[in-house]
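The values are calculated or read from the model by the stated rules, or taken from the named source; none is laboratory data. These figures come from a predicted structure and were not determined experimentally. Backbone-built Cβ (ideal geometry, glycine too); neighbour counts: all protein chains shown.
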Amino acid sequence: MTIADPTWLDQLDASTVDVAEAMTLPAELYTSEDVHRFEGDALFAREWLCVGRAERLAAPGDWFTVVLHDEPIVVARDKAGEIRAMSAVCQHRAMQVCDGAGNDTTFKCPYHHWTYALDGRLLGAPAMERTVGFDKGEYGLPRLAVEEWQGFVFVNLDPDAPPLAPTLSRYAPYLEHYDLADAVCPGTFTLADLPWNWKVMFENFNDGYHANRLHQYVQDFCPSSMSDFPVPWSDDSNVIFRTAGYTHVDGGFNATHHAIMPVFPRLTEEERTRSTFALIPPTLCFGTAPDQCFFFLVRPTGPQSIDVEIGYLFHPSALDDPLFEHKLKLSDVGVQVFVEQDQDATTKVQRGLRSRFAPRGRYSWQEESHIQFNRWLVQRYRRALAGGPGAP
Ligand code: FES
Ligand SMILES: [Fe+2]
């Protein structure tokens, strides 16, 4: 299959039918340079892309940059307290106006010192007085749409994109008792250039089928057989999620199988005996446990590579514990066991997808999430090819 083949999209329909009937997606979707480029337009230029937690932009002037599918983007809190997102590409000769994170009143491009306001307006451009017809008003940084959801900042390259929150309503009730806008993230770390496609990452994150198989013993308290897909798929949804039941209350993904941090106090008994795992494609993988939430910000660096920024969210009272740092290490060591097993699997999956023997396999009922992800994906591929809103 190549996307030059006019039937390629129709070949994907076998992956969107009922899980009992469906086949996995063709391997080329995970390896091809053409598909990667196509997804840049079909997904990354139109969908809501999570860039991180709003708490990184606590004060006016706070800013940070991310590169999303090769687009450098800067997010900032302006003087009026609004979160703004803009292309970080200087509108003079395309240098990146800033890189990293900081707190400033303006952005000064290092190359020739064009200076932009925190909302992207061009404020100053040296030695341009002889340039005929040059109007500063026409050279601001291109603006992106911004939306905050559960304390996460999302941006959209399409400034007219419809709002994100209504498309996440299937999942919102599962988060209500976490009060996530107030949860604290003690920092993130980034794993760079991991050798697999972003969709392999998403599928692995939301794959209950491997829970107590690949992670046998370490995840026996949260077995694959207790996977559930409680809310039916709907085509207007931007979230794919499942619940993962525990064999005991207040379980934890560490060697003790019990929560280490303070349990979010408003959780119900039922919420304390499960995790939820959610995908908000194409950039956010998010999960909950009774004492913590965890997120992966996935950023493709090529058809077969990604950067992943990983962070945890805790109830604010966790920070009051004098042993917080120790407990964080304990919790992190537990997660590392999973991460290493998952990395070995996803590295080998990607190699398998390059193989001449790569399958179009079949699914277990425990993989219903993958069908929902396929539906999300194929719907958007089709919309882009049909020249729907935002078509290239
Ligand atoms: S490229 Fe930014 S000022 Fe010239
Ligand atoms: Fe895993």
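The single condition among (1) away from ligand 2 (no atom under 16 Å from the Cβ); (2) within 15 Å of the chain's Cα centre (by Cα) that LEU191 does not satisfy is (1). Within the range 90-133, can you find the residues that are under 27 Å from the mean Cα position of the chain (by Cα) and either over 19 Å from GLY61 (Cα atoms) or within 16 Å of ligand 2 (Cβ to nearest atom) (or both)? Once the filter is applied, which keeps residues that are under 27 Å from the mean Cα position of the chain (by Cα) and either over 19 Å from GLY61 (Cα atoms) or within 16 Å of ligand 2 (Cβ to nearest atom) (or both), the range 90-133 yields ALA94, MET95. Within 16 Å of ligand 2 (Cβ to nearest atom), free of Cβ contacts under 8 Å to residues at least 24 places away in the same chain and farther than 24 Å from MET86 by Cβ - does that describe any residue in the range 194-214? Yes, the range 194-214 contains at least one residue that is within 16 Å of ligand 2 (Cβ to nearest atom), free of Cβ contacts under 8 Å to residues at least 24 places away in the same chain and farther than 24 Å from MET86 by Cβ.
For the range 37-53, a tally of residues being surrounded by fewer than 19 Cβ atoms within 10 Å (Cβ to Cβ) and touching a residue at least 12 places away in the same chain (Cβ under 8 Å) returns 3. The range 95-150 holds strands (runs of 3 or more DSSP E) entirely within its bounds, and those carrying 1 or more residues that are more than 11 Å from ligand 1 (Cβ to nearest atom) and within 30 Å of ARG170 (Cβ to Cβ) map to 143-149. Has the range 293-302 got any residue that is over 22 Å from TRP149 (Cβ atoms) and either surrounded by fewer than 19 Cβ atoms within 10 Å (Cβ to Cβ) or out of contact with any Asp or Glu (no Cβ under 8 Å at 6 or more places or on another chain) (or both)? Within the range 293-302 (the criterion being over 22 Å from TRP149 (Cβ atoms) and either surrounded by fewer than 19 Cβ atoms within 10 Å (Cβ to Cβ) or out of contact with any Asp or Glu (no Cβ under 8 Å at 6 or more places or on another chain) (or both)), the answer is yes, since at least one residue qualifies. Can you tell me which residues in the range 187-222 are part of a loop (DSSP other than H, G, I, E, B), modelled with pLDDT under 95 and not small (Gly, Ala, Ser)? Correct list: HIS215, GLN216, TYR217, VAL218, GLN219, ASP220, PHE221, CYS222. Residues in the range 21-40 that are within 26 Å of SER234 (Cα to Cα) and in contact with a helix residue (DSSP H, G or I) (Cβ under 7 Å, 6 or more places away or on another chain): ALA22, MET23, THR24, LEU25, PRO26, ALA27, LEU29, TYR30, VAL35.
Being in contact (Cβ under 8 Å) with a residue 60 or more places away in the chain, surrounded by 14 or more Cβ atoms within 10 Å (Cβ to Cβ), away from ligand 2 (no atom under 16 Å from the Cβ) and part of a loop (DSSP other than H, G, I, E, B) is true of ALA161.
Among the conditions (1) surrounded by 14 or more Cβ atoms within 10 Å (Cβ to Cβ); (2) in contact (Cβ under 8 Å) with a residue 60 or more places away in the chain; (3) among the small types (Gly, Ala, Ser), GLY361 misses just one, which is (1). Restricting the first member to the range 78-95 and to residues that are under 12 Å from ARG143 (Cα atoms), and the second to residues that are outside any loop (DSSP other than H, G, I, E, B) and within 16 Å of ligand 2 (Cβ to nearest atom), no beta-carbon pair is closer than 6 Å while six or more apart or on different chains.
Is it fair to say PHE205 is more than 16 Å from ligand 1 (Cβ to nearest atom), in contact with a Phe, Trp or Tyr (Cβ under 6 Å, 6 or more places away or on another chain) and under 30 Å from PHE264 (Cα atoms)? For PHE205, the condition - more than 16 Å from ligand 1 (Cβ to nearest atom), in contact with a Phe, Trp or Tyr (Cβ under 6 Å, 6 or more places away or on another chain) and under 30 Å from PHE264 (Cα atoms) - is not met. Screening the range 41-72 for residues that are closer than 12 Å to VAL146 by Cα and among the aliphatic types (A, V, I, L, M) and picking the one that is farthest from the chain's Cα centre (by Cα) gives ALA54. Can you confirm whether GLN341 is in a helix (DSSP H, G or I) and either within 16 Å of ligand 1 (Cβ to nearest atom) or surrounded by 17 or more Cβ atoms within 10 Å (Cβ to Cβ) (or both)? Taking the combined requirement at face value, the residue does not satisfy it.
With respect to the stated conditions, ARG56 fails to be assigned to a loop (DSSP other than H, G, I, E, B) and closer than 19 Å to LEU284 by Cβ. Answer yes or no: is there a residue in the range 346-364 that is in a helix (DSSP H, G or I), within 16 Å of ligand 2 (Cβ to nearest atom) and small (Gly, Ala, Ser). Taking every residue of the range 346-364 in turn, none turns out to be in a helix (DSSP H, G or I), within 16 Å of ligand 2 (Cβ to nearest atom) and small (Gly, Ala, Ser).
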